[in-house]
1. Need one number: % antiparallel among DSSP beta bridges in the stretch A:145-243, to the nearest 5.
2. Treating the stretch B:1-155 as a set of equal point scatterers at the Cα positions, no solvent, please give the Debye-formula log₁₀ I(q)/I(0) at q = 0.16 Å⁻¹.
3. What is the Cα radius of gyration of the stretch B:67-178 over 2.2 N^0.38 Å, N being its residue count?
4. Taking each pair of different alpha-carbon atoms in chain A once, compute 1/r for the pair, average those values, and report the inverse of that mean as the Kirkwood hydrodynamic radius in Å to one decimal.
5. In whole angstrom, how long is each semi-axis of the equivalent ellipsoid of the stretch B:34-82, when you take the square root of 5 times every eigenvalue of its Cα gyration tensor and sort them from largest down?
6. Using a 10 Å cut-off on Cβ to Cβ distances, tally the other chain neighbours for every residue of A:2-14 and report the average as a whole number.
7. Along Cα→Cβ, 7 Å out, is where each label goes; now give me the distance between the ones at A:Ile31 and A:Ser46 in nm to one decimal.
8. Which value results when the Cα radius of gyration for the stretch B:82-126 is divided by 2.2 N^0.38 Å?
There are 2 protein chains.
Amino acid sequence: MLINGQPADHIPVSDRGLQYGDGLFETLAVIDSRPRLWERHMARLSRGEGVLGLPISDKRQLRQEADRLCTGCERGVLKLIITRGSGGRGYRPPEQAAPRRILSLHDWPDYPQSWYRQGMRLRLCETRWGHNPQLAGIKHLNRLEQVMARQEWRDPGIAEGIMLDLEDRVISATQGNLFLVDDNGLHTPDLSRAGISGVIRDLVIESAGDLDMTVGIDEITLERVQQADALFVTNSILGLCPVAALEGWAYAPERVPESLRQTLEERMRELP
Amino acid sequence: MLINGQPADHIPVSDRGLQYGDGLFETLAVIDSRPRLWERHMARLSRGEGVLGLPISDKRQLRQEADRLCTGCERGVLKLIITRGSGGRGYRPPEQAAPRRILSLHDWPDYPQSWYRQGMRLRLCETRWGHNPQLAGIKHLNRLEQVMARQEWRDPGIAEGIMLDLEDRVISATQGNLFLVDDNGLHTPDLSRAGISGVIRDLVIESAGDLDMTVGIDEITLERVQQADALFVTNSILGLCPVAALEGWAYAPERVPESLRQTLEERMRELP
């Protein structure tokens, strides 16, 4: 683990990331010593820094630190946290914030291969996404909604949970974005009020564009989810994973277009 | 500073308070070595622990640690943070969470006496409270909305900012609750969708009851704020502080009933 470039694993209690969740994070797949989709993750991080009014971090310095940590790692997960750094008591940010960079490397999770072939089983969560248009989309450190949703089940046979917002719109899984497949193409929830705009979500939308598939980004009800032919979940570690069932509803993993998977895989492999 | 009863000022990066804002806090006034309104703060903490699914903390142990820290402190601020403790990567809480207790003592802020006599000047914030009924009321560590609202101004002549919710309802100040005074009595915003239910807010409501004053807890528009005779802000450190002006609107601090102030002061002094 590196904190501001130095090997360390503790931070001061005064860090505003702890005090208020005043910061951002990114989770990247590491393959053959290289963090995947670095530029996409850095672009989202910069958007978040803009929203929170944090100084824009030096991405070359971050990359050097990431490379130090990832060298020799065949397959792993790089988590990068940027907080507003230490500050006094009270919400007011220091005028000259000195953000803290925390980079840590974690084991690759052993997702069962069956998830990719037969699809994951999903549940519907009771915990809702709150509405907050100003913070929606960015990957900040205020993540209690997803923590509470993920706390709802322990059954290891359930891979993910679907979360709605306060007005019964489908938003996402607890740790990834959601897509529906039907005869009209792809559909994914609008994230202007709630949710996190995923790097893989963007790549799926771009890949579909390459293949002349339609992607609707709009309000999605549970009824539409029920009627979809296929569902899939995306995130940077999982990639694209089809759904077998959500509660009592069954889906056809083979209805996720193979051409889409391949185009996405290429992008995930080749983009800087 | 005490962490789990030991003098320390750093926490592991793996703490879920940092990773997700997965925890709660309380801010107490310390006067003559004694944290004020301990039982009220502990009751709110327990409510929050229930909402987040944290084990209920041992309040006697917390009190012993607080007393150790506060002994000899004539006047100060005790901040108490409870996180879900350390956990692996991913939102899912550990099945046997070992919460971390972080107690720190801070200087008493020197609020100008003029605030209490002539009233504070307030601004109206652009940052809104998001909606989240499940988390509303409790004092959890996901506090980005207030951070962003407090970041909007630097003028030291402005003491506080008023925050609305997404549907233009008035909710609170950035660091305290808000009350309106008019011929019908007191009014304070309903906090079922957003905001923090303050310990002093409760005491004001109880004090008003003692004095047979009406307190309306309901939806409050900016128009009603404009028409009020007086406004005041409450929190555990500030106590009750009248408002002189909000943007261009002026208020009469002397319209805050003296009997209410006195009854509240008594409660603040005498309650355990």
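1. Working: 15 of 19 bridges.
Counting DSSP beta bridges with both partners in the stretch A:145-243, the antiparallel share is about 80 percent.
2. -1.04
3. Values: Rg = 17.8 Å, N = 112, 2.2 N^0.38 = 13.2 Å.
Here the answer is 1.35, to two decimals.
4. Working: mean 1/r = 0.0513 Å⁻¹.
One decimal place: 19.5 Å for the Kirkwood radius.
5. Details: eigenvalues 97, 22, 14 Å².
Values for the stretch B:34-82, descending: 22, 11, 8 Å.
6. Working: counts 0, 1, 0, 0, 0, 0, 2, 4, 8, 6, 4, 15, 4.
The mean count of partner-chain Cβ atoms within 10 Å per residue comes to 3.
7. My value for the distance between the label points is 2.5 nm.
8. Details: Rg = 20.3 Å, N = 45, 2.2 N^0.38 = 9.3 Å.
Normalised Rg, Cα atoms only: 2.17.
The values are calculated or read from the model by the stated rules, or taken from the named source; none is laboratory data. Bear in mind the structure is a predicted one, so any value in this text is a computation, not a measurement. As a convention, Cβ positions derive from the backbone with ideal geometry for all residues, glycine included, and neighbour counts pool all protein chains shown. The area values use the complete protein model at the heavy-atom level, side chains included, leaving out ligands, DNA and RNA. Shrake-Rupley method; radii C 1.70, N 1.55, O 1.52, S 1.80 Å.
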